[in-house]
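Here the structure comes first, spelled out in structure tokens, and everything after it is commentary.
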Amino acid sequence: IIPLTIHQLKEVQRRDSIDRNLPVFLLALLSSVQSGANLIKAIEQAGERNLGALTPELKNLRANISWGTPIEDAFENFAERTGTRVARRVTVLLEMAMKIGGDVSENLEMIQKHVSDMQNIEKSRKSALQPYTYTIYISFAVFLAVAVLLTTSFFTEIEKVQEGLLASGSGTQGLFGSLASMEIEKLESALFNMAIIEAVFGGLAAGKIGSGSYVAGTKHVVVMIVISVIAFNVF
């Protein structure tokens, strides 16, 4: 799961970089168009800028166009390679702007404003849902605290009672006789398994809430599993 998490973190960073630079890309297009370049030429010029993870995708788009690939196919390939919802929407809007014609500068301004508004809404959504991610971690921490308390205090006392019963030869007789047959190791194992299960489902839920994707929750899963292993082995 760790290699998957590392790959996912890199992919999330790549997509975030693309979405973060899309408004800058659109402003670059607008500036080039206002300077007299057509939209295709403006896209080619934008590929020379440093726009993070968006730059190689723009260079690929520029190469496809220069090789004579139909514009629709070149844009479709660009949308698939970027892999983000915002990039796909920008691609569709740019295609529409090219087909409709008219004032390209005005169309680009509208697209840029639309993308900026979308990103602001997404930021607001993440900020509003962030407390729920904290709640998942808090509930997980409470469960671990209770589990550790049971294993280090309650179960330890039961083991002492079991040793006393065996030493006295009482076995399963008497008031505490039922404790003699209690298997502490199985109880501890059950608590550990429950912690892992909560780490998996809690981490996936945190990813869905925070990033809108269950796959993004793998990093939370790894963090919670590591904390669980440490908690059950250190205490």
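The values are calculated or read from the model by the stated rules, or taken from the named source; none is laboratory data. Quantities reported herein were computed from a predicted structural model and do not represent experimental measurements. Don't worry about glycine lacking a Cβ; one is built from the backbone with ideal geometry, like all the others, and counts go over all protein chains shown.
Look at (1) surrounded by 14 or more Cβ atoms within 10 Å (Cβ to Cβ); (2) modelled with pLDDT of 80 or more; (3) hydroxyl-bearing (Ser, Thr, Tyr) and you find that Thr5 fails only one, number (2).
Contact map, the stretch 120-138: first residue among the charged types (D, E, K, R), second residue outside any helix (DSSP H, G or I), Cβ cut-off under 9 Å, separation 6 or more or different chains; pairs are Glu122/Gly212; Arg125/Gly212; Lys126/Gly212. Of all residues in the stretch 178-195 being part of a helix (DSSP H, G or I) and surrounded by fewer than 13 Cβ atoms within 10 Å (Cβ to Cβ), which is modelled with the highest pLDDT? Residue satisfying both the conditions and the ranking: Asn193.
Among the residues of the stretch 117-156, not one is acidic (Asp, Glu) and closer than 23 Å to Ser228 by Cα.
Of the set (1) more than 30 Å from Ile2 (Cα to Cα); (2) of a type outside the set (Lys, Arg); (3) at pLDDT 95 or above, all apply to Val161 but (3).
Scanning the stretch 1-59 for residues that are among the charged types (D, E, K, R) and under 15 Å from the mean Cα position of the chain (by Cα) yields Lys10, Glu11, Arg14, Arg15, Asp16, Asp19. Annotation: of all residues in the stretch 50-87 being free of Cβ contacts under 8 Å to residues at least 24 places away in the same chain and assigned to a loop (DSSP other than H, G, I, E, B), the one that is nearest to Asp16 (Cα to Cα) is Asn50.
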